[in-house]
Amino acid sequence: MIDNKQRFWNYYLSLEEDFIKISRYVDFDIKNSKTFSIEFARIIMTCCQEIDGLLKLICERLDPDKPRNNIANYFEILKVSLNELKDFEVDSIKYGLTSKPFIDLSSAEHKSPDWWLANNKIKHDRINNFEEANLTNAYNAISALYIIVLFYYKVYDENGQEIYSIKRDLIPESQLFIEQISGIGTFSE
């Protein structure tokens, strides 16, 4: 029987597999960063839905008395952890991509990340915003989900492990982010 916590990792791996399959049709190259598709829309929206659910659980654990209705509420509760989140960078050597999906949190007003705003635009007005369903936003959304899943395990870990240790314990391993979480750049245009 799969324990409930493993389900989040397994769901992430399922989305990661779907994302990797897209590379057979759209080369994950900076020149294709604005290429948009139905599949990228699905990845973005599904990742953001999962991030929303995980952030609610994380915030409930950290401060059960505060409201958890939207991403602004989450960031308010996560204020102490924001520095850790905003500095996380994930690299995919396989595709030559890097991402700091929470870098926007470093601003004083903690604005929502671009990939989150893209998700809302796609969700609420897909006809006029379909170009937001692009490789850049999809990669940043799946990167964000990867980080939030690891962060969830850190928050719920009874032994106080760091994220780097938690990553080593997850089986099977990520095929997108095989190497350590670190790097020197971001996925950009």
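Brief remarks follow.
- Scanning the stretch 13-67 for residues that are without any contact (Cβ under 8 Å) to a residue 24 or more places away in the chain, among the acidic types (Asp, Glu) and closer than 14 Å to Tyr95 by Cβ turns up just one, Asp27.
- Boolean, Asn73 is touching a residue at least 40 places away in the same chain (Cβ under 8 Å) and either closer than 16 Å to Tyr12 by Cβ or touching a helix residue (DSSP H, G or I) at 6+ places or on another chain (Cβ under 8 Å) (or both): no
- For Gly160: the one exception among (1) modelled with pLDDT under 70; (2) on the phi < 0 side of the Ramachandran plot: (2)
- Single unsatisfied condition, Phe28 versus (1) out of contact with any helix residue (DSSP H, G or I) (no Cβ under 6 Å at 6 or more places or on another chain); (2) surrounded by fewer than 19 Cβ atoms within 10 Å (Cβ to Cβ); (3) closer than 24 Å to Asn120 by Cα: (2)
- Taking helices (runs of 4 or more DSSP H) as the structural unit, those lying wholly within the stretch 26-145 and holding at least 2 residues that are among the aromatic types (Phe, Trp, Tyr) and closer than 20 Å to Leu176 by Cβ correspond to 114-124.
- Condition check for Ser14: part of a helix (DSSP H, G or I) and of a type outside the set (Phe, Trp, Tyr): yes
- Pick from the stretch 40-70, criterion crowded, with 20+ Cβ neighbours inside 10 Å and over 13 Å from the mean Cα position of the chain (by Cα), ranking: farthest from Arg24 (Cα to Cα): Cys59
- Among the candidates Ile171, Ile142, Ile178, Ile122, residue that is among the aliphatic types (A, V, I, L, M), loosely packed, with under 13 Cβ neighbours inside 10 Å and either within 19 Å of Lys86 (Cα to Cα) or at pLDDT 75 or above (or both): Ile171
- Scanning the stretch 85-100 for residues that are in contact (Cβ under 8 Å) with a residue 40 or more places away in the chain and either surrounded by fewer than 19 Cβ atoms within 10 Å (Cβ to Cβ) or among the basic types (Lys, Arg) (or both) yields a count of 5.
The values are calculated or read from the model by the stated rules, or taken from the named source; none is laboratory data. Bear in mind the structure is a predicted one, so any value in this text is a computation, not a measurement. When we count neighbours, we look across all protein chains shown, and the Cβ atoms used for this are built from the backbone with ideal geometry, even at glycine.
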